[in-house]
1. Determine which single condition Ala447 fails, assuming it passes every other condition in (1) in a helix (DSSP H, G or I); (2) under 16 Å from Leu313 (Cβ atoms); (3) not aromatic (Phe, Trp, Tyr).
2. Here are the criteria: (1) surrounded by 21 or more Cβ atoms within 10 Å (Cβ to Cβ); (2) in the same structural domain as His332 (by TED's automatic domain parsing). Tell me which single one Glu436 does not satisfy.
3. Starting from residues that are out of contact with any Gly (no Cβ under 8 Å at 6 or more places or on another chain) and within 21 Å of Ala388 (Cα to Cα), keep the ones in segment 295-312 and report whichever is surrounded by the fewest Cβ atoms within 10 Å (Cβ to Cβ).
4. State whether one or more residues within segment 108-115 are in contact (Cβ under 8 Å) with a residue 40 or more places away in the chain, part of a helix (DSSP H, G or I) and within 30 Å of Pro189 (Cα to Cα).
5. Could you check segment 322-362 and list, in sequence order, the residues that are surrounded by 21 or more Cβ atoms within 10 Å (Cβ to Cβ) and of a type in the set (Asp, Glu)?
6. Is there any pair with a first residue in segment 11-37 that is assigned by TED's automatic domain parsing to the domain that holds Arg504 and a second that is of a type in the set (Phe, Trp, Tyr) and surrounded by fewer than 24 Cβ atoms within 10 Å (Cβ to Cβ) whose Cβ atoms are under 6 Å apart and which are 6 or more apart or on different chains, and what are they?
7. Between Phe150, Phe175, which is over 30 Å from Pro41 (Cα atoms) and at pLDDT 65 or above?
8. Looking only at segment 24-48, which residues are more than 17 Å from Ala235 (Cβ to Cβ), touching a Gly at 6+ places or on another chain (Cβ under 9 Å) and assigned to a loop (DSSP other than H, G, I, E, B)?
Amino acid sequence: MPRNGHAEQKVVVIGAGMGGLASALELAANGFAVEVVERHPGPGGKMRQVAAGDAQVDGGPTILTMRWVFEDLLRAAGASLNDHITLTPLEVLGRNAWDYGDRSRHLDVFADPKRAEEAIGDFAGAADAKGFRDLLAESERTFRTLDASFMRGSRPSVPRLIGRAGPSILRAKPFATLWSELGKYFQDPRLRQLFGRYSVYCGSSPFNATAVLMLMVYVEQSGVWSVDGGMHALARALTDLAESRGAVFHYGQGVAKIETAGGRASGVVLDDGRRIAADAVVFNGDVNALPAGMLGPEVTGAVPSVPQRARSLSLLATTMTARTEGFPLSRHTVFFGSDYEGEFRDIFERNRLPAEPTTYICAQDRMDGTDQDAAPSGAERLLMLINAPPIGDSPSPSLDRAEIDACLHRSSALLERCGLRVHPDPDSVTITGPREFERLFPATGGALYGRASHGWQASFTRPGARTKVPGLYVAGGSAHPGPGVPMATLSGRQAASSILTDLRSTSRSTRVAMAGGMSTA
């Protein structure tokens, strides 16, 4: 008999991204019968791997932060994170280069705050070194204010958040933009670019995103880890653990509709017509798929739709194996263009690829890359990312192949001006743009982070775990508390917690759906 007495209660999880995996693991560990339906051939969602010749390249998230989120998840499931994945802390959080000035000059941000402060002082002067120290302190205060009251809690209203966090919430500067606040800490515009990039982590522009996102400074300074075997190994580890607790996974299976009975979610129908009955359903896809009707007419009112103007960033993602020379790459390197504001204006106002594309490179065969000796002797695995508009469901010529090639050419020119030359193996190159991301993650337009964090109200418009359809829950980066691997994981736990509470309260009531396995409709 599974513990907690939930053997007769079944939950179907749609999608095996991080939110779905966290829900599945937590529910299975609590004795529920759990079936996970994933239309892709394996788990991970956006935390995917892409073939590059004989190699596999992480094509999504590339770092692990907020380690304690995953330690807590596995501890609750009776396991230990260290027993399932191998993590290596990074000494250099990121290397940063700019398209002007002395191209031999770059700035490393170190995991050790003292070293980071010294490096910033050497790069930009004592005043900006102090600015970093002050920013880090303010970032920690912001994080501690919002950790329990917002990120780990259910989706709050404004009054409830003020009630939880108290007047200290105003110190987080929710009404200011990240860019304007950074100007109070740094005189050097390059440092505003560097720390403004934290808004990109949730698919937003630093010129429109709330200053609350400065909490990411503290999050990264608290530790960044690489995962042995790539980030996909984390998804695989959670899958294996969920299976060991009894969860069943069905890959290559799409869901045609979510069914209801008596106004309550009662199961799903697969693309091939088979049905899985359930007491509750967790949807771990982009929430916009529900109002768009992609899960059937019975659940279109479950959550509000996200208008195109509110979408977050998409990407041009290029995976490859390549030889590199010149600039000494770190594991994580960002090459900034000279018109940062114009880049985001191009994307969010003009709906086109940027004329001055900032380019991020993850060199996945390097650890810290603190000197050129860290460079592999031959080809190495690279992921190159350029911000793009979320218009993958539009016929706009801005995403035609000629425009994409022109943007990639401008990016290559930027890298060469910074001193880096990349020589790819032509057979290893895969380019994934907004249209491909729309096909991978329907109803997004290629937006990879749900709703953009533009304006103070944005965080309150993401749906919480419970939807307007009883028995239907949502999890993932488009739900509360937001995008990113740790946040999506927290959302999955919140969905599981909501189910535990709701089904316990109805477990002695008349059942509205018969629990059962796959059967012919």
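1. Of everything listed in (1) in a helix (DSSP H, G or I); (2) under 16 Å from Leu313 (Cβ atoms); (3) not aromatic (Phe, Trp, Tyr), Ala447 misses just condition (1).
2. Just one mismatch for Glu436, condition (1).
3. Pro307
4. Kept after step one, since they are in contact (Cβ under 8 Å) with a residue 40 or more places away in the chain, are these residues of segment 108-115: 108-109, 111, 113.
Going one step further and asking which of them are part of a helix (DSSP H, G or I), we end up with 113.
In the following step, the residues that additionally are within 30 Å of Pro189 (Cα to Cα) were identified as 113.
Yes: one or more hits.
5. Correct list: Glu343, Asp346.
6. Every condition considered, the pairs that remain are Val36/Phe249.
7. Details: Phe150 fails: at pLDDT 65 or above.
From the options Phe150, Phe175, the qualifying one is Phe175.
8. Residues satisfying the conditions are Gly31, Phe32.
The values are calculated or read from the model by the stated rules, or taken from the named source; none is laboratory data. Small disclaimer: the values here were computed from a predicted structure and weren't measured. Using ideal geometry, Cβ is built from the backbone for each residue, glycine included, and neighbour counts are taken over all protein chains shown.
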